[in-house]
1. Within the stretch A:131-143, work out how many residues are closer than 25 Å to A:LEU27 by Cβ and either modelled with pLDDT under 95 or in contact with a His (Cβ under 8 Å, 6 or more places away or on another chain) (or both).
2. Suppose the filter is at pLDDT 95 or above, out of contact with any Asp or Glu (no Cβ under 6 Å at 6 or more places or on another chain), buried (at least 17 other Cβ atoms within 10 Å of the Cβ) and away from chain A (no Cβ under 11 Å); does B:LEU37 pass it?
3. Given A:ARG67, A:ARG96, A:ARG74, which one is more than 13 Å from every other protein chain (Cβ to nearest Cβ), touching a strand residue (DSSP E or B) at 6+ places or on another chain (Cβ under 6 Å) and not β-branched (Val, Ile, Thr)?
4. Anything in the stretch A:151-176 that is part of a strand (DSSP E or B) and modelled with pLDDT of 95 or more? List them, or say none.
5. Go through (1) within 19 Å of A:ALA147 (Cβ to Cβ); (2) more than 12 Å from chain A (Cβ to nearest Cβ); (3) in contact (Cβ under 8 Å) with a residue 60 or more places away in the chain for B:VAL91 and report which single condition fails.
6. Taking only pairs six or more apart or across chains, which ones have beta-carbon atoms under 7 Å, a first residue in the stretch B:48-64 that is at negative phi and surrounded by 12 or more Cβ atoms within 10 Å (Cβ to Cβ), and a second residue that is at pLDDT below 95 and not charged (D, E, K, R)?
7. Taking the stretch B:11-31 on its own, how many of its residues are buried (at least 22 other Cβ atoms within 10 Å of the Cβ), within 14 Å of chain A (Cβ to nearest Cβ) and touching a helix residue (DSSP H, G or I) at 6+ places or on another chain (Cβ under 8 Å)?
8. On the basis of being within 27 Å of A:ASN133 (Cβ to Cβ), of a type in the set (S, T, N, Q) and within 10 Å of the chain's Cα centre (by Cα), does B:SER32 make the cut?
Amino acid sequence: MTKLRVLLFETPEDPYYNLAFEEAFLLARHLGYVEDDTLRIWRNSNAVVIGYFQFAEEEVRIDAVNRLNVKVVRRFTGGGAVYHDLGNINYAIVVRGMRKKGTIIDNLYKYLLGGAVKGIKELGVNARIENINDIVSANRKISGCAAKYLKDTLFLHGSLLVNTDLSKLASVLKISKKKLADKDISSVKYRVTTLNNLLGKNLKYGDIIEALVKGYSSLLNAEPYFDLPSKEEIELANRLYNKYISVEWNYKRAPSSRFTNLIKDFLK
Amino acid sequence: MGKGFFEYKAKKGLIRVNVTVSNKIIKDIRFSGDFMLHPEDVIWELENALKGKTIDVEKLRKTIEEVFQDVVLVGSCVDDFVYVLSKAVEVASND
């Protein structure tokens, strides 16, 4: 049976390192420093994470962010801005090779996102994928995701609202008028809710970890084992940290290519 | 020198364009938003390809089609990018 490596490595007080590690563990698997497909589960304590094509000034209420001491960090995948507190749990999966017939996009979203859906169902919530990359239950969005591929390495990460402070979420993110005005039923911007709201009880972090590990091991038909970051993952993250703390990256939408020199000796 | 901004919600993802036009030539341009495309860095190629181009919609369409030839757009299409760009250019021309 194939194996699924599980990492619970996180630095909630330092979202810049969390995002640097996110790229590092994708690269480590892609470059062959890590043998097994890997699931990472992690959290930030108080951060806004914006998409690769977004400008912080367009997505974030800077006055609220400063007042509430929220750190703003940009990720390396497309999609929209999300607010992270400890009530929001992030999952990230990296696998080598296509798993299903169909396009790479089908493999990324329809297939890989299915692991998170299975996990959420384990918790007793009837969830489904809607609108390409949303996970929805009772017509409310509970999870969004973004993906990337590097040749045959597929990567998907998402955030799962378990007990997030939704009013804080609404106060730090700008919502575009164009999105609010959108009446097209196929592109409904779902209202969001949390798993705790849906279930009427307080889930523990351990419950979510167990559910996501079950969901992804079942999807990939793999035996899970918990592991620590490898020395290459840590070294890559340490170097990439310089990218994720930079103003150029977080506020000026610099392309990743501007930072490849940080890790060039790993790319040989 | 005119500046134009336009945003458009595609099926999935908001596409924003900020453009600066002078003598019917694109001087500066940036795309932003929560759209999804692979490989991601093609968006900078597109911006570079559009700089210096005249603001003729069909020519701009051709440039976008060329640059996006091997790109996978998720939840949006080339027409969405052409539309938002043509609108932003129109705003800039009237600025």
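The values are calculated or read from the model by the stated rules, or taken from the named source; none is laboratory data. Note that the structure is a prediction, hence the values are computed from the model and not measured. Cβ placement follows ideal geometry from the backbone for every residue including glycine, while neighbour counts extend to all protein chains displayed.
1. 1
2. No.
3. A:ARG96
4. Passing the criteria: A:THR153, A:LEU154, A:PHE155, A:LEU156, A:HIS157, A:GLY158, A:SER159, A:LEU160, A:LEU161.
5. If we test B:VAL91 against (1) within 19 Å of A:ALA147 (Cβ to Cβ); (2) more than 12 Å from chain A (Cβ to nearest Cβ); (3) in contact (Cβ under 8 Å) with a residue 60 or more places away in the chain, just (1) comes out false.
6. Listed by first residue and then by second, the contacts come to B:ILE55/B:SER93.
7. Summing the residues that are buried (at least 22 other Cβ atoms within 10 Å of the Cβ), within 14 Å of chain A (Cβ to nearest Cβ) and touching a helix residue (DSSP H, G or I) at 6+ places or on another chain (Cβ under 8 Å) in the stretch B:11-31 gives 6.
8. yes
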